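Reviewing the structure listed below.
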Amino acid sequence: MAGIAKEGFSGIVNLTPHKIAVCQLIQYFAPGVHSPLAIPFKSISQHNRLGLFLLSLTRACDDYVEPSLDQLITQFKAAGVGGFEYDWFVDWLSEDLTSRLSSLSSPDDLYNFFEKLRGILSPADVASMEDEQCFLDPSSHLGVFIRCCILAFSILTFEGVCHLLSNMTIYCNATDSAYGPPEDVLNDDHVLQESFSYSEHNRVLRFDESETRPRATKSSFHIPGEQQMRGIANELLVDFDVKFKLGDLGICNNNSIGKLSNDTGQDSDYQRGIFLRSKWQIQGYLNEQANLLERGAGSLPFNSFETSLRNLQKMAPDLHHVKYLRYLNNLYNDDYISAMENLHRYYDYSAGMEGIFTGSSEPPLPGIHVGRYESALLCLGIMHTRFGHSKQALEGLSEAVRISQQNNDDSCLSYTLSAICDLLSKIGISSNSGIIGSRYSLGLGTPLSTKQQLLVLLKRSLKRAENLKLTSLLAFSRLAHAAFHLKHVERPVLSSGPKALTKLRTEPKLVCKELRLTSYLLSEFASDALSPPNEGGAFSTAWLKNLEKSITSPASLDGNKTNDYNAFHFSSQPNPIPVSVLQLAGASYLLRATSWELYGSATLVRANTLVYLSCFADSASSSELSMAYCKLIQHQALFNGYKEALNALKLAEAKFSSLPKSPILVQKLQLIHERALHRGELKIARQVCDELGILASSTSGVDLDLKVVASIRLARTLLAAKQFNQAATVAGSLFSQCYKFNLHIESASVLLLLAEIHKKSGNAVLGLSHALASLSFCRTFNLDLLEASAILTIAELWLSLGCSHAKRASSLLHHSLPMIFGHGGLELRARANITLVKCHLCDPSFVVADDPDIVLDPLRQAAKDLETLEFHEMAAEAFYLTALIYNAMGQMEGREEASSSFKKHMIAFENAGSEEKLWNEL
Amino acid sequence: MGSKETYRAELRSSIRQLRDRCLYSAARWAGELLVGIEQDNPPSSVSASRGTPSSSARPPHQQDYLHRDGSSFRRSRSRPCPGSEGLSVTPAGGVSYITQDEIDDGDYYLLAKSYFDCKEYRRAAHVLRTQTSKKSIFLRCYALYLAGEKRKEEETIELEGPLGRSEVCNGELAHLERELCALRRSSAADPFTLYLYGIVLRDKGCTSLACTVLAESVNAYPWNWSAWSELQALCTTVDILTGLNLKNHWMKDFFLAGAYQELKMYNEALQKYEHLLGLFQFSDYIQAQIATAKYSLRDYDEAEIIFEELLRVDPYRIDSMDIYSNLLYAKESFSSLSSLAHRVFLTDKYRPESCCIIANYYSLKGLHEKSVIYFRRALKLNKKYLSAWTLMGHEYVEMKNTPAAIDAYRRAVDINPRDYRAWYGLGQTYEMMNMPFYALYYFRKSAFLQPSDARLWIAMGQCYESVPLQMLEEAIKCYARAAKCNDREGIALHQLAKLHSVLGRSEQAAYYYKKDLERMEEEDRQGPNMIEALLFLARHCKTEKKIEEAEMYCTRLLDYTGPEKETAKSILRGLRMPQSGFPSVEFDHLGSS
């Protein structure tokens, strides 16, 4: 009961022809006492199915305009199809419906219609109900609907009745001839009589006819009409992306076409025959669209959605939510100016009172109309964050903090704090740049570093979310917290002494605990105000969409569907858990994968990513989804070579082609770069570096990840080109950037890169110090795999200092071998194998002839891995060592084989510069 | 002065033609213009037509005007008639139309016109359904259009649903458009039909085509002021205006002047009007427009004189009187405003302008609730009454009802996105709510639309300067802009000086303090700003070792009472000491602290 009250038809039902048609259908469902004809339902399930259909009709929010009579009948028939195989009954009902509706031709007819409608509601004393009669419970969903309609009619003025009548004419006539003169429709009595006689006739003949009637007639009656309309629409709309709308969205029917063709077709007729649904349904529709927009950035055709929103705004100027949707649409299509305009317009009109934050705790005080403009500021801040205007975002958000404190809006305050956390963690703010220096210290007293501020804020917002029972915010805060601990060492905010007794919270255990807590959300959401009020609406929408699928695809029409629930496909089964909750829960898995990436467990990365993709793909936003794909592609590249990875990449590219600046593109460039480096195609590598550099925004502090990646790649390219000085300069400046923006994890890999550069340039001692520094970073943050590779580098450096250090190198190497062989990629493993062999060879006590497999096995393995990677330079080294060993053993055959392989790889490596094949290929 | 006679002939025949086609407001306008032409040798017919009480009041008015603005009057009179070269371009349409019209006035037409006059539009259209003359076709279409408009108005009220009033559109538009488009294609459309077609197109939202069609209409028949004013409303930017293909005619000058006024190019508009005044010397319309422009240029006194004169000549006038009331409001003349309100109330209380005037009066009296009631009434009468929305926003601000104020301003902005006052009001309201960062957007908008208004730049500067934002560099830029725009209150210079001194740029600060000082001297103002400037300059000059200057400022400071006097004394002492060879001791610090 509470649910119905929440959905609230009351007072906001606008009587439209469609609603009258639904009322008529409800009369079939529950004919009431005085009904002249009892509807001969074949079975209980058939009857129930009609009820389910009606329920869905009154609650669905798949569009903002009501369906035409034609569509209603098509849907109605589809609802009946599975149950009773095209028998006369559905046909008869729909024809009866049409004739009854078109017979409502005078105000008095309408009056009588509603008078009769009263009869189907059960009388107050339910006890006296007879078995035969089917009454509608007045407090049931449909009962409330009927009562609201009756109420709406009884308060309708005569003018209103006249409008309703003329609308009825339009509604009934839309099927036959769109431009027909209205006079023709007003044939009344004989139509009614005909229909009755027809029904009687049918009842007599039903047995003959139900067998003989060809099946195809029904589908051919309606579907061609639809197709014709589509044809017309396609002609009309050259510039609109109708195909997309028809095909992909699933909201494919005459509605959208009708709307669009009305936009272009000289908008004068835009109201003719188009009626708005009830407010609640429209809001449901808008919420759903907002969800889609927020998840799949840019997946909706911008223009057509914008025009339909504009139309809706024209038809319902007081529904300010539409403006918000326009803002979202502009925002996610990167139209800064319009987004700004619509944001301000929305809040100017709504004063922030149309709750976007449904979980908001405080009801507005009655009588005092103050407005909640702090949410406007919050939105403004979020918008600037998205556009990368960090300074403006911060100003907006801090103003939001101030105003929500001023207005005691706790929930907005906690959302704002989270938004600031998000901003601070997204953009790099160097601790001494002073964007939020002493002036903006959030009342913390002493000025803090950005990192410390972030931590304090995170803790605060976590606590606030907990207190205010904002479950999804709580989950978000936990995720942010975990992400923070993953990348930062936590020290007490106001440390009293020098680094004394600070327990590092970067332990994977703690991070994982935090991440697990996020998933509790799934069980908590039900008890919280989190679930949106139109849960049932979403279910009904999905139900109707499934119906439409069965209408539009002829295969399902032919298919023998006997079960009601066959219409539900598993994939489109409506999920009872709201999308936003699922998204957060999914994000925890994605973050888990990321954390394992850092900690260095390849299998867990893969497992978590796969869990994410298989369980949360439906609710994920496209950027997150593409990130998950990237992880898998990277995994492929590391463990199975480039061929596999590029194949996977192609699949992913096809899926996410629409996204600008997507992670997929970055991944692709990285993949090409890596491959070019391995093959020795330095020109290509250089080009890719430049492209990566262009992708990042030029503003300082924005797109930091991308900038770091680009610089690392540049340094590596220079290293490969043996321009050691320049490589060292690039890496050095990158390190100082990382230091400035507190990017510790990146610092570790940059230090390792520096060590590598020094190693290659022959300055092993300098390299050692860098490698050791990197090692300490790795240990602090538990970056096990990176640590292993740092140890490997150290071993290599020792080795390069001379054979006397071989033993030390070997012991170091053995220490890290389990990690490398367990989780390392092909390249790392090959490097480890080769170094291992080198250690053995340097060892004076080692005699090859004793046990050649000790060195030959690793070399074979390394050569195999490197060939997969097409890493010519190192492969050549491996074969060179093999040849040396065979030579020492005196096996000429093996030696020749190895040396020819060596030659092959050397030639390939030297020729690589001229090979531009790959570049053209991609 | 033969050309004047030509004007008269043109106007007279056009009035007849317009009235014949039931284009009454255009006919009224032409009529007003006709009597506005100076009578050098009054023929009997003209004097008869000017038998209104106003005619007797003319001669003194003329003298008044001469007295007030004699130079421009004499100048324009001595000039050869400017419309003459334009006249040769336009066909002498006036006469030919008359002859054509007289012929095809059939009986049905007469009946239809009578129906039309009784506001039975559908009946009128029905009577003419078989008539094929151009005039009948026009009247039929026009009647249909008006019938549709009437129905639209009714439906707007009838269809108010829970989601607000949906924009009802005229049901006849589609049908009319088809017919009129066919007529235009077959070049069977006369200028009046084209005018109607233009309106229909505008209602359908095809503004560019509407512009073209209306331009065609006025090129073929320039005396239809309604067509001109529709065209003027469509010229929302200067580019559209210059892009129009218009033939030269004296009516074009009226159009251009009006368009300039709308585009806030007041000086250009004034020029045009003063030029036209040479021809139509007694035209109330031109006088009212001039007064409006002068009001917009904040030349209140002159505007008031003209308005007073207008009211004296035409005591039942309501047009443009809302501007007059705004003027009286700005000048805070309670009694004049109240008598104006009384007068328009007696004339016609159900005009939006009348309601607005009454609301202005209440607002001036500080009775904001009552004022809002009358603004609401004005808006009920005309939902698109721009200034009423804005003014109502001001009232709500006074009543501290910020959401309502924001709503009102926003509606004004949505009606006309170029209304910088409403944008400014929005910004102010948000600033009042302690949201300077949010308010900046609105101030930026308003300053973009009206870059020459110093107040807007100052408001923006104040936002940047406010405690939570503290973006002083940006604030300085804004104030500098304001200082360039003839800032009357002199806030900008003072703030610039202050901000520069806060940022430690004493050289610039001194420059602006000096300028501010000069300005205050010019306008003979006193006050704390003066003291502050003097004090700063005295200290600055002292540190710069400009002893004489510093002494001068200090002596000026001595004229004031209060702590500054003591500070000045101590500075003076500090100045004299090094001169007299004593070791320099910074006494002034002690004094000033």
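One residue stands out among those in the stretch A:835-865 that are β-branched (Val, Ile, Thr) and under 29 Å from A:LEU638 (Cα atoms): the one that is most open to solvent (accessible area, probe 1.4 Å), which is A:ILE854. Report whether or not B:LYS135 is at pLDDT below 90, open to solvent by less than 30 Å² (accessible area, probe 1.4 Å) and not aliphatic (A, V, I, L, M). Yes, satisfied.
Restricting attention to the stretch B:169-180, and to residues there that are assigned to a helix (DSSP H, G or I) and open to solvent by 30 Å² or more (accessible area, probe 1.4 Å), which single residue is farthest from the other protein chains (Cβ to nearest Cβ)? If you could, list the steps in order and put the result at the bottom.
Here is the first cut: in the stretch B:169-180, the residues assigned to a helix (DSSP H, G or I) are B:173-180.
Going one step further and asking which of them are open to solvent by 30 Å² or more (accessible area, probe 1.4 Å), we end up with B:175, B:177-179.
Values: B:HIS175: 9, B:GLU177: 8, B:ARG178: 10, B:GLU179: 14 Å.
Only one residue fits best here, namely B:GLU179.
Of the helices (runs of 4 or more DSSP H) entirely within the stretch B:334-441, those holding at least 3 residues that are within 11 Å of another protein chain (Cβ to nearest Cβ) and crowded, with 20+ Cβ neighbours inside 10 Å occupy B:402-415, B:420-432.
Could we say that B:ARG184 is basic (Lys, Arg), surrounded by fewer than 19 Cβ atoms within 10 Å (Cβ to Cβ) and more than 32 Å from the chain's Cα centre (by Cα) here?
On the way: basic (Lys, Arg): yes; surrounded by fewer than 19 Cβ atoms within 10 Å (Cβ to Cβ): yes; more than 32 Å from the chain's Cα centre (by Cα): yes.
Yes, satisfied.
For B:SER96, state whether it is surrounded by 15 or more Cβ atoms within 10 Å (Cβ to Cβ), modelled with pLDDT under 90 and in a helix (DSSP H, G or I).
For B:SER96, the condition - surrounded by 15 or more Cβ atoms within 10 Å (Cβ to Cβ), modelled with pLDDT under 90 and in a helix (DSSP H, G or I) - is not met.
Yes or no: the stretch B:286-305 includes at least one residue that is hydroxyl-bearing (Ser, Thr, Tyr) and over 16 Å from the mean Cα position of the chain (by Cα).
Of the stretch B:286-305, the ones hydroxyl-bearing (Ser, Thr, Tyr) are B:292, B:295-296, B:300.
Among the residues that remain, those that are also over 16 Å from the mean Cα position of the chain (by Cα) are: none.
Within the stretch B:286-305, not a single residue is hydroxyl-bearing (Ser, Thr, Tyr) and over 16 Å from the mean Cα position of the chain (by Cα).
Kindly indicate whether A:TYR642 is open to solvent by less than 20 Å² (accessible area, probe 1.4 Å) and either in contact with a Ser or Thr (Cβ under 9 Å, 6 or more places away or on another chain) or of a type in the set (Gly, Ala, Ser) (or both). In short, yes. Does any residue of the stretch B:521-530 turn out to be open to solvent by less than 30 Å² (accessible area, probe 1.4 Å) and under 31 Å from the mean Cα position of the chain (by Cα)? For the stretch B:521-530, residues open to solvent by less than 30 Å² (accessible area, probe 1.4 Å) and under 31 Å from the mean Cα position of the chain (by Cα): absent. Taking the criterion of being assigned to a helix (DSSP H, G or I) and within 14 Å of chain B (Cβ to nearest Cβ), the residues of the stretch A:400-419 that qualify are A:ALA400, A:VAL401, A:ARG402, A:ILE403, A:SER404, A:GLN405, A:GLN406, A:CYS412, A:THR416.
If you scan the stretch A:849-892, which residues turn out to be farther than 30 Å from A:LEU682 by Cα, of a type in the set (D, E, K, R) and modelled with pLDDT under 85? Lay out the reasoning, then the answer.
Applying the first criterion (farther than 30 Å from A:LEU682 by Cα) to the stretch A:849-892 yields A:849-857, A:885-892.
So of that shortlist, the ones also of a type in the set (D, E, K, R) come out as A:850-851, A:853, A:857.
Selection gives A:ASP850, A:ASP851, A:ASP853.
Within the stretch B:453-471, the presence of a residue that is more than 11 Å from chain A (Cβ to nearest Cβ) and surrounded by fewer than 18 Cβ atoms within 10 Å (Cβ to Cβ) is excluded. If only residues of the stretch B:442-452 that are part of a loop (DSSP other than H, G, I, E, B) and out of contact with any Phe, Trp or Tyr (no Cβ under 7 Å at 6 or more places or on another chain) are counted, the one that is farthest from the other protein chains (Cβ to nearest Cβ) is B:SER452. The single condition among (1) assigned to a helix (DSSP H, G or I); (2) crowded, with 17+ Cβ neighbours inside 10 Å that B:PRO222 does not meet is (1).
Could you list, in sequence order, all residues of the stretch A:588-618 that are open to solvent by less than 20 Å² (accessible area, probe 1.4 Å), small (Gly, Ala, Ser) and at negative phi? If the condition is that a residue be open to solvent by less than 20 Å² (accessible area, probe 1.4 Å), small (Gly, Ala, Ser) and at negative phi, then A:SER588, A:ALA593, A:SER595, A:SER601, A:ALA602 are the ones that fit.
Consider the stretch B:549-593. How many of its residues are part of a loop (DSSP other than H, G, I, E, B), among the small types (Gly, Ala, Ser) and either open to solvent by 60 Å² or more (accessible area, probe 1.4 Å) or modelled with pLDDT under 75 (or both)? Let's see the steps before the verdict.
Start the filter on the stretch B:549-593 by keeping residues that are part of a loop (DSSP other than H, G, I, E, B), which leaves B:558-562, B:580-586, B:593.
After this cut, where a residue has to be among the small types (Gly, Ala, Ser) as well, the list is B:562, B:580-581, B:584, B:593.
Imposing the further condition that a residue be either open to solvent by 60 Å² or more (accessible area, probe 1.4 Å) or modelled with pLDDT under 75 (or both) reduces the set to B:580-581, B:584, B:593.
Of the residues in that region, 4 qualify.
Condition first: aromatic (Phe, Trp, Tyr), open to solvent by 20 Å² or more (accessible area, probe 1.4 Å), assigned to a helix (DSSP H, G or I) and within 22 Å of B:ILE37 (Cβ to Cβ). Can you find one or more residues in the stretch B:273-287 that meet it?
Taking the stretch B:273-287 and keeping what is aromatic (Phe, Trp, Tyr), we get B:273, B:280, B:282, B:285.
Of the ones still in play, those that are also open to solvent by 20 Å² or more (accessible area, probe 1.4 Å) are B:285.
Adding the requirement that they be assigned to a helix (DSSP H, G or I) leaves B:285.
From what's left, within 22 Å of B:ILE37 (Cβ to Cβ): B:285.
Yes, the stretch B:273-287 has at least one match.
Screening A:ILE382 with (1) closer than 26 Å to A:LYS463 by Cα; (2) at pLDDT below 85; (3) open to solvent by 50 Å² or more (accessible area, probe 1.4 Å) gives one miss only, at (2).
The values are calculated or read from the model by the stated rules, or taken from the named source; none is laboratory data. The model shown is predicted, which means the values in this text are computed figures rather than measured ones. Using ideal geometry, Cβ is built from the backbone for each residue, glycine included, and neighbour counts are taken over all protein chains shown. When the accessible area is computed, the model is the full protein with side chains, heavy atoms only, and any ligands, DNA or RNA have been set aside. Shrake-Rupley method; radii C 1.70, N 1.55, O 1.52, S 1.80 Å.
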